[in-house]
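The structure under discussion appears below in the form of structure tokens.
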Amino acid sequence: MTDDPPEEPKRRWRNKITGGSSEARALGERVLKKNIRSESSRRWIERQINDPYVARARAEGWRARSAFKLIELDDKYHLIKRGMRIVDLGAAPGGWLQVAIKRGAGAVVGIDLLEIEPVTGATVFQMDFLDREAPAALLKALGGKPDLVLSDMAANTTGHARTDQIRTGALAEAAATFAIQHTAPGGAFVTKAFQGGLDATLLAELKRTFSSVRHAKPPSSRKGSPEVFLVALGRK
Ligand SMILES: C[S@@+](CC[C@H](N)C(=O)[O-])C[C@H]1O[C@@H](n2cnc3c(N)ncnc32)[C@H](O)[C@@H]1O
């Protein structure tokens, strides 16, 4: 989730921490941060209840509503082709893995900090992608260079939108570095990013490495969210 902290608690937080001892201020900060979290959790629950994609995902057997983002991106850019090798970074709970397999991938390997319930046809690692050993483990399990590198990695939210964007941006950059180094010729790379969030040098490197690089906001990506996807096609 990439919610902005709700305005009201944020204002109260600023007012309350201006006076008192440093211990009292620290306590105030902790209490108010908790309020911010519970307020944004309440909004998240509300959205889940009212969200047609959540209901559709349940009805169609997708593990997460995010499955529709990959479906929509694939419908538009024809990313997944029969027999492809695909790496899925930040794969839990497994929605994108399901889509990759359903649409004909030959070998699919996913990685996440969280445990992923087995998905028939995919190999999954519970591991930090930023771990030095991760890239080699993924390539070994895949049995060759990936034709498609997908990343939907998102950092845990702190309640502070800018911090969340920077942390998720760093994950997108790690994914881009992996894609630049390992994608097979003709292959593609998709990553969750935030508008203007990717380092300019890395973006330039992606543009040199792939024939086309563009931003996409699939219809199922929430309108109010700063999330966009970067789609790089035609690895040279
Ligand atoms: C939006 S979810 C992915 C949803 C997935 N695409 C699906 O359809 O089921 C983002 C995931 O990124 C994972 N993540 C965040 N940082 C990570 C890291 N350093 N290494 C691996 N996974 C990470 C989180 O644990 C979380 O499960």
message: If Phe210 satisfies all but one of (1) free of Cβ contacts under 8 Å to residues at least 40 places away in the same chain; (2) open to solvent by 40 Å² or more (accessible area, probe 1.4 Å), what's the number of the condition it fails?
response: (2)
message: Name the residue that is farthest from the ligand (Cβ to nearest atom), counting only residues in segment 43-91 that are open to solvent by less than 30 Å² (accessible area, probe 1.4 Å) and assigned to a loop (DSSP other than H, G, I, E, B).
response: Met84
message: When you check Ala122 against the structure, is it crowded, with 18+ Cβ neighbours inside 10 Å and farther than 27 Å from His215 by Cα, yes or no?
response: yes
statement: Of the residues in segment 150-176, those that are more than 13 Å from the ligand (Cβ to nearest atom) and open to solvent by less than 40 Å² (accessible area, probe 1.4 Å) number 3
message: It is to be established whether one or more residues within segment 177-197 are more than 19 Å from Ile80 (Cα to Cα), β-branched (Val, Ile, Thr), surrounded by fewer than 18 Cβ atoms within 10 Å (Cβ to Cβ) and out of contact with any His (no Cβ under 8 Å at 6 or more places or on another chain).
response: yes
Top-ranked residue of segment 131-146 - restricted to ones that are open to solvent by less than 40 Å² (accessible area, probe 1.4 Å) and out of contact with any Pro (no Cβ under 9 Å at 6 or more places or on another chain), ranked as farthest from the ligand (Cβ to nearest atom): Gly144
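The values are calculated or read from the model by the stated rules, or taken from the named source; none is laboratory data. Just so we're clear, the structure is a prediction, and the values are computed from it rather than from any experiment. In this analysis, Cβ positions are derived from the backbone assuming ideal geometry, glycine residues included, and neighbour counts consider all displayed protein chains. What goes into the accessible areas is simple: the full protein's heavy atoms, side chains included, and nothing from ligands, DNA or RNA. Shrake-Rupley method; radii C 1.70, N 1.55, O 1.52, S 1.80 Å.
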